[in-house]
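Please treat every number below as a calculation from the coordinates, not as lab data. As the structure is a prediction and not an experimental result, all values here were calculated from the model. Virtual Cβ from ideal backbone geometry, glycine too; neighbours counted across all protein chains shown.
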Amino acid sequence: LWPPQKLRDELEKLRGQMLRAAEELRYEEAAALRDRVRQLETLELAR
């Protein structure tokens, strides 16, 4: 289980990595990061 602040921090970090990957045309990596963000957002919403 993720503490709320740790989950928000991780989401922020992953979103930044996702945007950088997309800017650098690393689309497969960006898509994997997007999927991970969605998983964590689902956890956050389930609280």
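In nm, what is the difference between 0.36 nm times the number of residues separating GLN39 and ARG15 and their Cα-Cα distance?
7.4 nm
Grab the DSSP H runs of the chain that are 4 residues or longer, score each as -39,500 (n - 2.57), total them, divide by all residues and round the 222 nm result to the nearest 500 deg cm²/dmol.
Calculated from helices alone, the mean residue ellipticity at 222 nm is -28500 deg cm²/dmol.
Along the Cα→Cβ direction, 7 angstrom out, place labels at GLU24 and LEU7. What is the inter-label distance in nm?
It is 2.9 nm.
Given [x] 30, 48, 20, 2; [y] 28, 52, 16, 4, 0; [z] 30, 58, 12, which label gives P(r) over Cα pairs in 10 Å bins from 0, in percent as computed from the coordinates?
[x]
So how tilted is helix 27-45 from the main axis of the chain? Cα-based, degrees 0 to 90, rounded to 10.
10 degrees
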